[in-house]
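Note sheet for the following structure.
The values are calculated or read from the model by the stated rules, or taken from the named source; none is laboratory data. Note that this is a predicted model, so its numbers are computed, not measured. Every residue, glycine as well, gets a Cβ built from its backbone with ideal geometry; the counts of neighbours run over all protein chains shown. When the accessible area is computed, the model is the full protein with side chains, heavy atoms only, and any ligands, DNA or RNA have been set aside. Shrake-Rupley method; radii C 1.70, N 1.55, O 1.52, S 1.80 Å.
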Amino acid sequence: MARERESGAEAAVVSIRKYASADLSAVLSVCRQSPEAAQWSENGFEQAASSGQVILVAEVGIAAAARVCGFLVARVTVGEAELLNMAVDAADRRKGLGSKLLAGAAKEAEAQQASRMYLEVRESNEAAISFYERHGFRKNGQRAGYYLNPIENAVLMEKKLTG
């Protein structure tokens, strides 16, 4: 998919690529270290992969030394895409990896004829809401009591894709 160098003194190669089954352990680790992400089980990721959902990983480093530091899962059906889960390792946040994952998902969704992308986010997750708004998503509703532990409303967001 995409491969770029980060700017700065510790420049590293960043790539966004499709998930492979060998990535499962690293993706689970990123997920577990990201309490704001949906806490999927190993089986949840395996089902997403086997059902053809879009799963992308962000990787930093070169070849065998590269490490997975983020992921995104989306479902594309009948002209629309839904962002189901996304996280970037805390040590690698604020480096544009989330933006690259989101752009990669939009590109994949457009290739599958999606014209819109949707997502739900915890009402208290102001950082995520701001991130999505910066990437063209707009609030378009709310689901009362959607999240558990703790019970919380979901903010619904939508973005029109260019494709």
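Could you list, in sequence order, the residues of region 13-28 that are loosely packed, with under 15 Cβ neighbours inside 10 Å and of a type in the set (Gly, Ala, Ser)?
Correct list: 20, 21, 22, 25.
Which numbered condition in (1) crowded, with 21+ Cβ neighbours inside 10 Å; (2) of a type in the set (A, V, I, L, M); (3) farther than 19 Å from residue 22 by Cα is the only one that residue 127 fails?
(1)
Results for (1) within 18 Å of residue 57 (Cα to Cα); (2) in a strand (DSSP E or B), shown as yes or no for each residue.
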site	(1), (2)
83	yes, yes
86	yes, yes
102	yes, no
124	no, no
128	no, no
133	no, no
150	no, no
159	no, yes
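Just to be sure I understand the filter: pairs with C-beta atoms under 9 Å, separated by 6 or more residues or on different chains, first member in region 125-138 and over 14 Å from residue 106 (Cβ atoms) and among the aliphatic types (A, V, I, L, M), second member open to solvent by 20 Å² or more (accessible area, probe 1.4 Å) and part of a loop (DSSP other than H, G, I, E, B). Which pairs pass?
127/36; 128/36; 129/123
For residues that are open to solvent by less than 70 Å² (accessible area, probe 1.4 Å), over 16 Å from the mean Cα position of the chain (by Cα) and within 17 Å of residue 25 (Cα to Cα), tally how many sit in region 61-103.
Qualifying residue count, region 61-103: 1.
Quick check on residue 125: is it of a type in the set (S, T, N, Q) and in contact with a Gly (Cβ under 9 Å, 6 or more places away or on another chain)?
When the stated conditions are applied, residue 125 does not pass them.
Specify the residue that is farthest from residue 86 (Cα to Cα); the eligible residues are those in region 132-160 that are of a type in the set (A, V, I, L, M, F, W, C) and at pLDDT 95 or above.
It comes out as 144.
Being in a loop (DSSP other than H, G, I, E, B), in contact with a strand residue (DSSP E or B) (Cβ under 6 Å, 6 or more places away or on another chain) and without any contact (Cβ under 8 Å) to a residue 40 or more places away in the chain is the filter here, so list the residues in region 41-81 that pass it. So that I can check it myself, show each step before the final result.
From region 41-81, those in a loop (DSSP other than H, G, I, E, B) are 41, 51-53, 61-62, 66, 78-79; that's our starting set.
Those left that are additionally in contact with a strand residue (DSSP E or B) (Cβ under 6 Å, 6 or more places away or on another chain): 53, 61-62, 66.
Once the filter is applied, which keeps residues that are in a loop (DSSP other than H, G, I, E, B), in contact with a strand residue (DSSP E or B) (Cβ under 6 Å, 6 or more places away or on another chain) and without any contact (Cβ under 8 Å) to a residue 40 or more places away in the chain, region 41-81 yields only 53.
Could you go through region 110-118 and let me know if any residue there is part of a helix (DSSP H, G or I) and surrounded by fewer than 16 Cβ atoms within 10 Å (Cβ to Cβ).
Checked against the condition, which is being part of a helix (DSSP H, G or I) and surrounded by fewer than 16 Cβ atoms within 10 Å (Cβ to Cβ), region 110-118 yields at least one hit.
Of these, 22, 37, which one is more than 25 Å from residue 154 (Cα to Cα), not in a strand (DSSP E or B) and not polar (S, T, N, Q)?
22
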